[in-house]
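**Student:** Input: one structure, supplied below.
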Amino acid sequence: LDLADSSGNGFPNHELSNEQIQRALDAEGLRYHATQLRERSSDWFAHYVASHVDSNLPVILTGMVYGLERTPERKWEVVARGGHAIT
């Protein structure tokens, strides 16, 4: 796989897709495990992250960033600003 041909994300950019992050990990020979958090409790999440950190395993948390924007009718609405990843 030639990452230069399949990336399509120049600089500056708005966000990397999950696929692009996974390709970068693959290119470095790193293994990863994805977990959906939508139906998990905050206690489960805290235990999950702590067990990874205590085991010296890095965690990459991805999600959407939202903000408020006024509509022409002067009402507030929630709008997606873009994806973000943190370690």
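**Student:** Out of the residues in the stretch 33-65 that are within 18 Å of Leu16 (Cβ to Cβ) and modelled with pLDDT of 85 or more, which is surrounded by the most Cβ atoms within 10 Å (Cβ to Cβ)? I'd like the intermediate steps shown before the answer.
**Tutor:** Step one: of the stretch 33-65, the residues within 18 Å of Leu16 (Cβ to Cβ) are 34, 58-65.
Within this subset, residues satisfying the condition of being modelled with pLDDT of 85 or more are 58-65.
Values: Pro58: 9, Val59: 13, Ile60: 12, Leu61: 11, Thr62: 15, Gly63: 10, Met64: 10, Val65: 10.
This residue is Thr62.
**Student:** Looking only at the stretch 41-87, filter to residues that are charged (D, E, K, R) and part of a strand (DSSP E or B); which one of those is nearest to Arg31 (Cα to Cα)? So that I can check it myself, show each step before the final result.
**Tutor:** We begin by selecting, within the stretch 41-87, every residue charged (D, E, K, R); these are 43, 54, 69-70, 73-75, 77, 81.
Narrowing the set further to residues that are part of a strand (DSSP E or B) leaves 69-70, 77, 81.
Numbers: Glu69: 39, Arg70: 43, Glu77: 39, Arg81: 29 Å.
If we take residues in the stretch 41-87 being charged (D, E, K, R) and part of a strand (DSSP E or B), then Arg81 is nearest to Arg31 (Cα to Cα).
**Student:** I need a count of the residues in the stretch 1-32 that are modelled with pLDDT of 85 or more, under 16 Å from Gly83 (Cβ atoms) and in a loop (DSSP other than H, G, I, E, B).
**Tutor:** 0
The values are calculated or read from the model by the stated rules, or taken from the named source; none is laboratory data. From a predicted model like this one, the values you see are computed outputs, not experimental measurements. Here the Cβ is made from the backbone with ideal geometry for all residues, glycine too, and neighbour counts use every protein chain on show.
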